[in-house]
1. Which residue, chosen from 383, 96, 594, occupies the Cα position most advanced towards the positive end of the dipole of the chain, where the dipole is computed from +1 (Lys, Arg) and -1 (Asp, Glu) charges on Cβ about the Cα centre?
2. Leaving out ligands, DNA and RNA, what percent of the accessible area of the stretch 356-438 is carbon and sulfur, probe 1.4 Å?
3. At R0 = 56 Å, how high is the FRET efficiency between residue 611 and residue 715 if r is their beta carbon distance? Nearest 0.05 is fine.
4. Using Cα atoms only, what is the angle between the long axis of helix 596-608 and the major principal axis of the chain, expressed in degrees (0 to 90) to the nearest 10?
5. Normalised by the residues of the chain, what does the relative contact order come to in percent, with Cα pairs under 8 Å and at least six apart?
6. Volume per residue, Å³, of the convex hull around the alpha-carbon atoms of the chain?
7. At 1.567 mPa s and 4 °C, plugging the Kirkwood radius over alpha-carbon pairs of the stretch 122-193 into Stokes-Einstein gives what diffusion coefficient in µm²/s?
8. Tell me the Rg and the Dmax, in Å, that the Cα atoms of the stretch 2-259 produce.
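The values are calculated or read from the model by the stated rules, or taken from the named source; none is laboratory data. Being a predicted model, the structure only gives us computed values, none of them experimental. Please note: Cβ atoms are built from the backbone with ideal geometry, for glycine as well, and neighbour counts cover all protein chains shown. Just the protein is used for accessible areas: all its heavy atoms, side chains included, with ligands, DNA and RNA removed. Shrake-Rupley method; radii C 1.70, N 1.55, O 1.52, S 1.80 Å.
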Amino acid sequence: MAHYARGSAVAVIRLCNPPVNALSLAVLQALEDGLKKADADPSVKAVMICGENGKFSAGADIRGFSSPERHGGALGPIVSLIESSEKPVVAAIEGVALGGGLEVALGCHYRIAHMKAQMGLPEVTIGLLPGAEGTQRLPRLIGVPAALDMITTGKHIPATEALKLGLVDEIVEENTIEAAIRLANKVIGQPLGPRRLSLKPIPRLPNMEAFLREALVRVKQQARGWLAPELCFQAVRAAAERPFAAGVRRERELLQVLLTSGQARALQHAFFAERAVRRWAAPSGASWSSAAPQPVRKAAVVGLGTMGRGIVTSLVKANIPLVALEQNLEYLNKGRKAVMLLLEREAMKMEGGAQTLDFHNPARLHFTVDFDLLRDVDLVIEAVFENMALKKEIFHKLSKICKPGALLCTNTSALNIDEIASATSCPQQVIGTHFFSPAHVMRLLEIIRGRHTSPTAIATAMQLAKALKKVGVVVGNCFGFVGNRMMFPYVQQAVFLLEEGSRPEAVDQVLEDFGFKLGPFRMSDLAGLDVGWRSRKDQGLTGPSLPSGTPARQRHGQRYSPLPDLLCEQGRFGQKTGKGWYQYEQAGGRTATPDPWLHSFLSHYRDTHHIKTRFIDQEEILERCLFSLINEGFAILAEGIASGPEHLDVIYINGYGWPKHRGGPMFYASTVGLPRVLAKLQKYSEVHPDVPGLRPSAFLKKLVAAGNPPIKEWMSYLSQQSSKL
Ligand SMILES: CCCCCCCCCCCCC/C=C/C(=O)SCCNC(=O)CCNC(=O)[C@H](O)C(C)(C)COP(=O)(O)OP(=O)(O)OC[C@H]1O[C@@H](n2cnc3c(N)ncnc32)[C@H](O)[C@@H]1OP(=O)(O)O
């Protein structure tokens, strides 16, 4: 847990709790024991604290937060104990020193780090604050602006930056432990007062008050309902304005607020959910632990439209040599120009710039119209537009040209993977990779397994997600997969609410207040209304193939709203045409303004269809949109399209702007309480019997009947999952 050893005059305390030396109750106890032992031993003149296996510590054990024996509070006194030691204590930082780990290091009198080490106070990202006196010590060491930045964003900083900030005293390229012991020996006998951060005054700023005022505005703007950044700010402000002991008291008060807010639990759920989805499993028994990925030494992207360009950029950033293919020279040149622009922008953001990315080297990125150049690639990502016939034609060609074993990925947001695979002679190598736009920015990669996709193909796609620094989530094959399938009823409810009397800006406001980055109408204007229109035409829901005599507001006996189709018929495609659910300053404009034309269009529409308008309150807007999305989530789980609620949560947080501090839709449902979700769905379904999305799913009903079990147990209530995964 924490090994104590004494060599010469320096006692060594080694934190040991694999894999990241998290500070569990046992580790803290052992650390305290080690410190006391060193203090009591007259032959010990200095102490060095390090971590086992090249990692200092990733902080307090997050799993322990939900256990009955909460131990976070024990950390602050131990940090104080380190600082008050009469013998110099040196921290040897390798790997990571995060959260409570860095707070332990801040209690030490000296810090020495390996040049590849990373440091940070990421508590904010799990809904907390550095509650072991870190909000009070860090500003005293590196000043208020730098401390505020680290504490309110939770970012990890490399050792080189830590040295510049004065967070560490020295960085080394070789053996950190030996260097720390040398330093410990050197400082024996030197006065410790100036090294105790609690005694240091806060470095002054010419106008601290104005700085803090502006910083608070920035923090609030970025947080949008997420409580922790603002409370982190308040704790740092206390450091700037109060003596150390009073600041610590304030830090504790603020921590208590966070601990009881519910957001900490949600963010910790999100943290573990993101790690849980890496452990994918298929009903065949294949899983992450048994399937090995194939190496991807060279890849190809087919199609250089918006998605293809982002995917190319992502692959280049991951340092994967690449062939980028278009159907003709005109499209190729257009695509190449756009990709180069994206890459130049990305290079500017990176240390080392264009040299690091090396995208001017044709051996690393080769643009071509020649399919034959795909012969030696290990993986192809097809990213042409959503047209089944075109995709099948390309896959037929790929299966003939590519080498045996090459992984064939299709970037699609809804199309049937099995049908695409049927055009090849190697369906086991075909897999769906649903990137989100912009593909070089968005973290989510939905990985869709077809009926014949091999475990190796899944493992390789998951490995690719990791290489691209994305979160890969394996899902089954159905229309819209997980993300878009849950989105359909949500957007449908939003449009029905307009029919019944609401306005786009009212619906958006409610969902943005909930924490979404964009409400459904602003999002639809950004994505382009024509995308859904094309898909509805393909499905025969609108357009020339619609049988004459079809009722305007009904399809297949269910309620249907033609409103989005009518806007498209008017050329209102959203931002790209300057008009959609809102109006914009120009085509391509980004500032959405409520549009009087749309309001009178809606009135006219309601009159035409004799719809009685009523006032719809915020609660109904929120519940109908969110509960219908969640309801679809339960259906997806019951069908075995996803292997757990955490998969749905990860997809929504990383691909659809769901507010992370609410833990994802399924976690949110668990906090609302499943009986309430069910009762509300039943109520709305009775009023709207022709809307299947509001009819409660059988799985939701089953869980309520079983007594509303905790989210971790939900899947055990599915007796037999169908095997779509
Ligand atoms: C809900 C409220 C309850 C109230 C309880 C009261 C408590 C009071 C709290 C007081 C607060 C005191 C102040 C201190 C707070 C903290 O220190 S909070 C922790 C801060 N640290 C972090 O947030 C770091 C989180 N970890 C990471 O960012 C990464 O894991 C990593 C360290 C950078 C390593 O990344 P990578 O190499 O990609 O590996 P991973 O797969 O992410 O991790 C490997 C496994 O380790 C598990 N893990 C990581 N960190 C922790 C941790 N701090 N505690 C427990 N477990 C951790 C991770 O989950 C992985 O395991 P699996 O999930 O099994 O795969």
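1. 96
2. Details: 1840 of 3280 Å².
On the stretch 356-438, the fraction of accessible area on carbon and sulfur atoms equals 56 percent.
3. 0.85
4. The helix 596-608 is inclined about 50 degrees to the chain.
5. 9 percent
6. 179 Å³
7. Working: Rh = 14.0 Å.
The Stokes-Einstein estimate is 92 µm²/s.
8. Values for the stretch 2-259 (Cα only, Rg and Dmax): 17.3, 55 Å.
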